[in-house]
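See structure below.
The values are calculated or read from the model by the stated rules, or taken from the named source; none is laboratory data. No experiment lies behind these values; they were computed from the predicted model shown. Glycine gets a Cβ as well: all are built from the backbone with ideal geometry, and neighbour counts include every protein chain shown. These area figures cover heavy atoms from the full protein model, side chains too; ligands, DNA and RNA do not enter into them. Shrake-Rupley method; radii C 1.70, N 1.55, O 1.52, S 1.80 Å.
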Amino acid sequence: MSAQAFWDAAASLIAVTERHPFLVSMVNGTLDIEKFRYYVVQDALYLDDFADCLRRLGANEGVSKEDSDRLNSFATGAEEAEMQLHKSFFTKWNISAEGVEQMPNSLLYTSYMKRIVATKCHAEGLAVLLPCFWVYMHVGKCMLKLREELGESVTRAPQFDAWIDMYAGEEFEKEVTDYIAMVDAAAKTADSDTLKEMEKHFIMCCKLEHMFWDQAENLMQWPDIERQLDN
């Protein structure tokens, strides 16, 4: 079994995510900029945990120096390249993720991946982080195709174009290809039970990716439980 088998198992879910209203409206220029700001802040918080998970995988017992170095470079890429894009947005808008809490779907996603990385085997840890790489590249390329089809017929915020350019770009694709190869190598030596768990984690995180964009589309907030009790 390979990473492609995990992708195939989640194909119908990913096909829906390709058409997520948040992503499509980024391309056609109709996305409310406040929704994008909300998303960027939540994604910055997510990337902190994602980078930490990559470093934890790199420190696992039995991981080769080559793989450890590559996992740490992936973490640096998340912190520097992707976060640099976010920070450019923060500067433009004069906002920050400092002091902001993760919203419900952000916390659900990061808690799940952190639990798997911390408590399960290395192969499962690799699988749980794979959707963040692969789904982002895939939707980035889908969005780039739609942007090319729309041509000059629409205008969009420059931040939307910068986002599409990053995740549809060759540099990010190289990282994704390298990470997929790492998952493939782990899958080749995994037993049947581990492969089932890897597939389960991949599908779950594909769902959580979709829910992350749902959260931004709906500007999700934590419920005010105390007010509900007062009423």
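Remarks
- Enumeration of residues in the stretch 38-62 that are of a type in the set (S, T, N, Q) and either under 18 Å from residue 26 (Cα atoms) or without any contact (Cβ under 8 Å) to a residue 12 or more places away in the chain (or both): 42
- Just one of the numbered conditions (1) open to solvent by less than 50 Å² (accessible area, probe 1.4 Å); (2) under 27 Å from residue 58 (Cα atoms) is not true of residue 193: (1).
- Which listed residue, of 141, 145, is under 29 Å from residue 87 (Cβ atoms), open to solvent by 70 Å² or more (accessible area, probe 1.4 Å), within 16 Å of the chain's Cα centre (by Cα) and modelled with pLDDT of 95 or more: 141
- For the stretch 19-50, the candidate set comprises residues that are in contact with a Leu (Cβ under 6 Å, 6 or more places away or on another chain) and of a type in the set (Ser, Thr, Tyr); within that set, the residue that is most open to solvent (accessible area, probe 1.4 Å) is 38.
- Of the residues making up the stretch 115-136, those that are open to solvent by 30 Å² or more (accessible area, probe 1.4 Å) and of a type in the set (D, E, K, R) number 2.
- Qualifying residue in the stretch 173-188 (condition: under 21 Å from the mean Cα position of the chain (by Cα), without any contact (Cβ under 8 Å) to a residue 60 or more places away in the chain, farther than 18 Å from residue 5 by Cβ and open to solvent by less than 80 Å² (accessible area, probe 1.4 Å)): yes
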